[in-house]
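Everything below concerns the one structure shown next.
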Amino acid sequence: MTGAALPPAVAPARRTSRTLAILRGLIRDPVGCTALVILSVVLVAALFAPWIAQFDPLEQSRRMILKPPSLTHWFGTDDIGRDVFSRALYGTRVSLFVGLMVVVLTMSTGGMIGMVSGYVGGWADTVIQRLVEILDTVPSLVISLFIAAMLGPSVQNVIIAVTIGQFPRFVRVIRAEMIKVRMHDYIAAARVIGAPGLRIILTHGLPNLMPTALVLGSLAFGVAIMIEAALSFLGVGTPPPNPSLGTMLAQGTRFIGIAPWLIIFPGTMLTISVLALNLIGDALRDVLDPRQR
């Protein structure tokens, strides 16, 4: 009985040590550490936007129309006198929220379906993969644009549209990894002692697939931010007057010749966020799989 009770007590410590090892690996990687610092700064700025922003992002002023960057308005003002710095902070906040929700929903739903499909196999696996392949034949941006246009512009609808667009990749990759995991001897041993399939998936499949899911999630985070900006740029994303980096870019294109700061600063915030997430994804891949180095 003592030997049987030991593994559950040891498992949390192992998971904690695994997490610490991943963090140490990221910190030791120069590119990953730099990207992690940049992303942390962006996250803190977006999280504390109400305290960092000097002006209300929706406040208009006829006297401050298209003013260049200054000590008062760090990123200048737009065509109706709104502070670009405040709007960029709040727009980044919206983008990060959308990206985070997309990653959580995609990892939970797509990951679970992928694990079940890879573990069960048979006709259920075939049906799931045929449906996923149908979605995968269309670019994710096109799927997201079509769904967002049908549902109408809102943050919630953008999350739904982008999640459906990113869904096939998670299902296919996690399924492929689950097929490898189910071939191991400890899976066969769990089946022999009568462990339910769902328990095997959660206790053996999930921990082994977490590294792959983390890399996919970090890359999907950046893609989700880009697609949210693209949808907002096209007018089917975050509805105005709510700040969004994509909407700011769309509005700034009309004044690019006389007020380039309307494009430069939102574009820079978007680029920095996506680049940091992609670099973290690459660093995670190297940390979790040394053969990739």
- Message: Under 5 Å between amide hydrogens, which residues at least 5 positions from residue 75 or on another chain qualify, with H placed 1.01 Å from N in the peptide plane?
- Response: 70, 84, 85
- Item | Under 15 Å, Cβ to Cβ, from residue 192 - net charge with Lys/Arg +1 and Asp/Glu -1 | +2
- Over the C-alpha atoms of the chain, what are the Rg and the largest Cα-to-Cα span, Dmax, in Å? 22.5, 78
- Note on the structure: Under the Karplus relation with 6.51, -1.76 and 1.60 and θ = phi - 60°, whole-Hz ³J(HN,Hα) for the range 240-250, x at Gly and Pro, equal x, x, 4, x, 8, 4, x, 5, 4, 5, 5
- Task: Report the net charge of residues surrounding residue 109, where surrounding means a beta-carbon distance below 15 angstrom and charges are Lys +1, Arg +1, Asp -1, Glu -1.
- Result: +3
- For the chain, what does -39500 (n - 2.57) per DSSP helix run (n ≥ 4), summed and divided by total residues, give at 222 nm, in deg cm²/dmol to the nearest 500? -24000 deg cm²/dmol
- When a footprinting reagent is the concern and you count Cβ atoms within 10 Å, what order do 78, 125 take, fewest first? 125, 78
- Amide H partners (placed H, <5 Å) of residue 238, local residues excluded: 232
- If each K or R counts +1 and each D or E counts -1, the residues other than residue 258 whose Cβ falls under 14 Å of its Cβ total 0
- Item | Span per principal axis, largest first, for the Cα atoms of the range 134-293 (Å) | 71, 38, 26
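Please report, in debye to the nearest 20, how large the charge dipole of the chain is about its Cα centre when each Lys and Arg carries +1 at its beta carbon and each Asp and Glu carries -1 there.
On the way: 23 positive and 15 negative charges, 111 e Å.
Value, rounded to 20: 540 debye.
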- Largest first and to the nearest Å, give the Cα extent of the range 84-142 along each principal axis. 55, 22, 8
- Item | Choice from 131, 89, 47 with maximal GNM fluctuation in the chain (Cα, 10 Å cutoff) | 131
- Query: Against the longest principal axis of the chain, how steep is helix 206-234, in degrees 0 to 90 to the nearest 10, with axes from Cα atoms?
  - Reply: 20 degrees
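Read the figures in this text as sums done on the coordinates, not as results from a lab. What you see is a predicted model; the values in this text were computed from it and never measured. Cβ sites come from the backbone with ideal geometry, for glycine too, and all protein chains shown count toward neighbours.
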